[in-house]
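Down below is the structure, laid out as structure tokens.
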Amino acid sequence: MKRQAEVVVIGGGVIGTSIAYHLARAGVRDVVLVERDELAAGSTSKAAGGVRAQFSDELNVQLGARSLEAFDRFEEDTGHDIGLHRVGYLFLLSRPEDVASFEAGVRLQNSLDVPSRMIDPAEARRLSPLIAADGLLAAAYSPDDGHCTPEAVVHGYASAARAYGATILRHTDVTGIETYGDHVTAVITTLGRIDTNTVICAAGAWSRAVGAMAGVDLPVQPLRRQIAVTEPVPGLPPTLPMTIDFTTSLYFHSEGPGLLLGMSDPDERPGFATDTHDRWIPRLAEAMRRRAPGLLDLRRTGGWAGLYENTPDHNALIGEATSVSRFLYATGFSGHGFLQAPAVGEVIRDLYLGHVPFVDVSPLSAGRFAADAPRPEVNLV
């Protein structure tokens, strides 16, 4: 148990471990990461694992592209294989307004050197032969995107962070944050008090409670999302892209010899429930019937539920609090935290060190809502 730290990172998911790794690698001494459960036990282990730079928000494009570069060299940097498959992302579009929105997005992405492009329904079906092209108007595709294994990324970052001198405390709850005036002075845990002048909140769906300990409002709301895994699919193409029917939010990608699939449930209500249920299955089946009817014949062999960490505009909260000194945060990613984690670790490292990050994240400050300056992201899954 460390009694003193230069910085305490709260949260042992992919964001927290990325931050701890980047800080320790930069030479920051006495980095302590506190996780109340096992590493990756929260939202990260329940993620679908998609990695992409296809977004409608310029900041998200930049964070996604930077992270793709880091995922590509992850094994070289950390010695850990993360099962990266750069098979592309394919967004299927069946409404004119979505086509127009994605055309604008592709123009933005291309201006930032992301090789996305609009394609016709025939090419979309060649790339993802499980889909039906009926009613499709177009699709957006980027070959650089793909998917990898979330738990492997977390354990790779954690192992490398330890090698650089970071301390990771598992099964340790944070019960309070002490301040004196507008300065952080300590983090209180179930193992004891850690004197520190810097706290970084990377607690995902639980971030609002952590922020409240320091008097910082982090408008993050948990929402259950479910995933199913299927039996093996004969003849599944090894290059099958992550495929998303944008109208229904149905998505799937290869998972071993079978498929991992999911979609949003508009009837789901905010909360911390992570038990699985079958209420979403009729809507899932209808989406399959419309866009990928072959999936209806596949037997489900497993599945799980996890939590999205949503903000009011479905975009991240990244920055430093103005009400208390040295309380930094990276949370509220609304479904795209895993894929942005490498770049976010860099950004938080630079904010902590007083360096200028590779991208200006000030528009993602938590204060944007009080200032009536939301920054909505359109390309959600």
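The values are calculated or read from the model by the stated rules, or taken from the named source; none is laboratory data. No experiment lies behind these values; they were computed from the predicted model shown. Note that each Cβ is placed from the backbone with ideal geometry, even for glycine, and that neighbours are counted across all protein chains shown. Side chains are part of the model used for accessible areas, which takes the heavy atoms of the whole protein and leaves out ligands, DNA and RNA. Shrake-Rupley method; radii C 1.70, N 1.55, O 1.52, S 1.80 Å.
Right, Glu38: assigned to a loop (DSSP other than H, G, I, E, B), open to solvent by 40 Å² or more (accessible area, probe 1.4 Å) and farther than 24 Å from Leu259 by Cα or not?
So Glu38 passes the test.
Quick check, is Ala48 touching a strand residue (DSSP E or B) at 6+ places or on another chain (Cβ under 7 Å), small (Gly, Ala, Ser) and not in a strand (DSSP E or B)?
Criteria met by Ala48.
For residues that are surrounded by 24 or more Cβ atoms within 10 Å (Cβ to Cβ) and in a loop (DSSP other than H, G, I, E, B), tally how many sit in the stretch 1-29.
4
Can you name the number of the only condition in (1) open to solvent by less than 40 Å² (accessible area, probe 1.4 Å); (2) out of contact with any Pro (no Cβ under 8 Å at 6 or more places or on another chain) that Arg193 fails?
(1)
Take Leu137 and tell me if it is under 18 Å from the mean Cα position of the chain (by Cα) and either modelled with pLDDT of 95 or more or open to solvent by 60 Å² or more (accessible area, probe 1.4 Å) (or both).
No: the conditions fail for Leu137.
Mind checking which residues of the stretch 304-328 are surrounded by fewer than 18 Cβ atoms within 10 Å (Cβ to Cβ) and aromatic (Phe, Trp, Tyr)?
Matches in the stretch 304-328: Trp304 only.
Across the stretch 338-357, which residue is nearest to the chain's Cα centre (by Cα) among those that are open to solvent by less than 10 Å² (accessible area, probe 1.4 Å) and not aliphatic (A, V, I, L, M)?
Gln340
Enumerate the helices (runs of 4 or more DSSP H) found wholly within the stretch 92-198, keeping only those where 3 or more residues are under 26 Å from Arg349 (Cβ atoms) and touching a Leu at 6+ places or on another chain (Cβ under 7 Å).
In the stretch 92-198, 150-163 are the helices (runs of 4 or more DSSP H) which contain 3 or more residues that are under 26 Å from Arg349 (Cβ atoms) and touching a Leu at 6+ places or on another chain (Cβ under 7 Å).
Considering each residue of the stretch 141-157, count those that are touching a strand residue (DSSP E or B) at 6+ places or on another chain (Cβ under 6 Å) and over 19 Å from His85 (Cβ atoms), and give that number.
Residues that pass the stated criteria total 0.
Go through the residues of the stretch 79-90 one by one and say whether even a single one is modelled with pLDDT of 95 or more, in a helix (DSSP H, G or I), under 14 Å from Leu339 (Cβ atoms) and of a type in the set (A, V, I, L, M, F, W, C).
no
Which numbered condition in (1) open to solvent by 50 Å² or more (accessible area, probe 1.4 Å); (2) in contact with a Phe, Trp or Tyr (Cβ under 9 Å, 6 or more places away or on another chain) is the only one that Asp173 fails?
(2)
Does any residue in the stretch 194-208 that is under 10 Å from Ile15 (Cβ atoms) come within less than 6 Å, Cβ to Cβ, of a residue that is among the β-branched types (Val, Ile, Thr) and in a helix (DSSP H, G or I) six or more places away or on a different chain, and which pairs are these?
Pairs that qualify, where the first residue is under 10 Å from Ile15 (Cβ atoms) and the partner is among the β-branched types (Val, Ile, Thr) and in a helix (DSSP H, G or I), are Ile200/Ile19; Cys201/Val210; Ala202/Ile15; Ala202/Ile19; Ala203/Val210.
Is it the case that Val32 is open to solvent by 10 Å² or more (accessible area, probe 1.4 Å), of a type in the set (Val, Ile, Thr) and outside any helix (DSSP H, G or I)?
When the stated conditions are applied, Val32 does not pass them.
Pick from the stretch 260-280 the residues that are buried (at least 21 other Cβ atoms within 10 Å of the Cβ) and in contact (Cβ under 8 Å) with a residue 60 or more places away in the chain: which of them is farthest from Thr301 (Cα to Cα)?
So, considering only residues that are buried (at least 21 other Cβ atoms within 10 Å of the Cβ) and in contact (Cβ under 8 Å) with a residue 60 or more places away in the chain, the one farthest from Thr301 (Cα to Cα) is Gly262.
Is it fair to say Ala161 is closer than 18 Å to Ala20 by Cα, surrounded by 14 or more Cβ atoms within 10 Å (Cβ to Cβ) and in contact with a Gly (Cβ under 8 Å, 6 or more places away or on another chain)?
Criteria not met by Ala161.
Assigned to a loop (DSSP other than H, G, I, E, B) and at pLDDT below 95: is that true of Asp275 in this structure?
No: the conditions fail for Asp275.
Is there a residue being within 21 Å of Thr172 (Cα to Cα), among the aliphatic types (A, V, I, L, M) and modelled with pLDDT of 95 or more anywhere in the stretch 42-59?
Scanning the stretch 42-59, I find no residue that is within 21 Å of Thr172 (Cα to Cα), among the aliphatic types (A, V, I, L, M) and modelled with pLDDT of 95 or more, so the answer is no.
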